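Novice: Here it is: the structure, laid out below.
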Amino acid sequence: MRYFPKIAGERFYLSPVSANDEDAEKYIGWMNDKTVAAMFAQYNRVVASADDLEWLYKPPGDMQRYAVVLREGDVLIGSISIHNIDHLNRNAFIGIFIGEEEYRGKGYGTEAVRLILNYGFKTLNLHHIMLTVHADNYGGIACYKKAGFREVGRLSEWVFKDGVYVDKLYMGILAREFEEMETAY
């Protein structure tokens, strides 16, 4: 089996990233897909081989990276991470992308974010989880708000994409806010 269901959701699970040729090919395709890579300022990087994916397969010690895998057919559709984990101050950041176009806009991102938030707050005992998102990533912002994040800061004209400067937003959620939201469901 290529994947190991570490964090289980309804429609998919999060598995530690598998370093195999088939998955590497998918990640290479996603990192060269302008729609995917431009949303987190990676489109200007050359990703041509599995060697260029070291960031994926060898995360630093303060990061956990997971493959987002559909239960039906064990289909890899994206990636999510919890990183910059600071156990002393009990905070971290998350990052996510759904690489397969056919699965975007169907709630998989929101479900994956909720899974990683649940894991971060209840298993890692974190207090505050944040993320950054480009202001022109409307789908991502909607996903994060739906998962309970709120804007907590903004860096004006921070990212240069396609000849235009775009703001970088900081969004965050506290453990108590997540818990309140979960009990409301």
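Please treat every number below as a calculation from the coordinates, not as lab data. Note that this is a predicted model, so its numbers are computed, not measured. Using ideal geometry, Cβ is built from the backbone for each residue, glycine included, and neighbour counts are taken over all protein chains shown.
Novice: Note the listed values (1) 47, 36, 31; (2) 58, 32, 31; (3) 44, 42, 33, then indicate which one is Cα extents along the principal axes in Å calculated from this particular structure.
Specialist: Label of the calculated value: (3).
Novice: Which value at 222 nm does the chain reach when only helices count, each DSSP H run of 4 or more adding -39,500 (n - 2.57), with the total divided by all residues and rounded to the nearest 500 deg cm²/dmol?
Specialist: Details: 6 runs with 49 residues, N = 185.
Calculated from helices alone, the mean residue ellipticity at 222 nm is -7000 deg cm²/dmol.
Novice: Neighbour counts of other C-beta atoms within 10 Å: give me H127, H134, H87 arranged from fewest to most.
Specialist: Working: H127 14, H134 19, H87 11.
Least to most surrounded, the residues fall as H87, H127, H134.
Novice: Let me know the Kirkwood hydrodynamic radius for the stretch 38-96, please, with Cα pairs as the basis and the value in Å to one decimal. The partial results should precede the final answer.
Specialist: Working: mean 1/r = 0.0751 Å⁻¹.
Over the stretch 38-96, the inverse of the mean reciprocal pair distance is 13.3 Å.
Novice: If you don't mind, there's one more thing I want to ask. What is the sum of charges around D62, taking Lys and Arg as +1, Asp and Glu as -1, for the other residues whose C-beta is under 15 Å from the C-beta of D62?
Specialist: On the way: positive: K58, R65, R90; negative: D86.
Here the charged neighbours net out to +2.
Novice: Dimensions of the stretch 54-151 along principal axes (Cα, Å, largest first)?
Specialist: 40, 30, 24
Novice: Within the set of other residues whose C-beta is less than 10 Å from the C-beta of V133, count the net charge using Lys and Arg as +1 and Asp and Glu as -1. Please report the intermediate quantities before stating the final value.
Specialist: Numbers: positive: K168; negative: D136, E151, D167.
Net local charge, V133 excluded: -2.
Novice: Determine by what factor the alpha-carbon radius of gyration of the stretch 95-138 differs from 2.2 N^0.38 Å, reporting the quotient. Spell out each step's value before the answer.
Specialist: On the way: Rg = 12.2 Å, N = 44, 2.2 N^0.38 = 9.3 Å.
In units of the 2.2 N^0.38 Å rule of thumb, it is 1.31.
Novice: All other residues with a Cβ under 9 Å from the Cβ of T35 taken together, and with Lys, Arg as +1 and Asp, Glu as -1, what is their net charge?
Specialist: Details: positive: K34, R104; negative: D33, E101.
Once positives and negatives cancel, what remains is 0.
Novice: Going through the cross-link list K26/K58; K122/K168; K6/K122; K26/K168; K145/K168; K58/K145, which pairs have a Cα-Cα distance over 22 Å in this structure? Intermediate results must be reported in sequence, preceding the final value.
Specialist: Details: K26/K58 17 Å; K122/K168 28 Å; K6/K122 14 Å; K26/K168 27 Å; K145/K168 16 Å; K58/K145 30 Å.
Pairs exceeding 22 Å: K122/K168; K26/K168; K58/K145.
Novice: Given R₀ = 25 Å, what would the calculated FRET efficiency be for K106 paired with F4, taking r from the Cβ atoms and rounding to 0.05?
Specialist: Details: r = 24 Å, r/R0 = 0.96.
Between K106 and F4 the formula returns 0.55.
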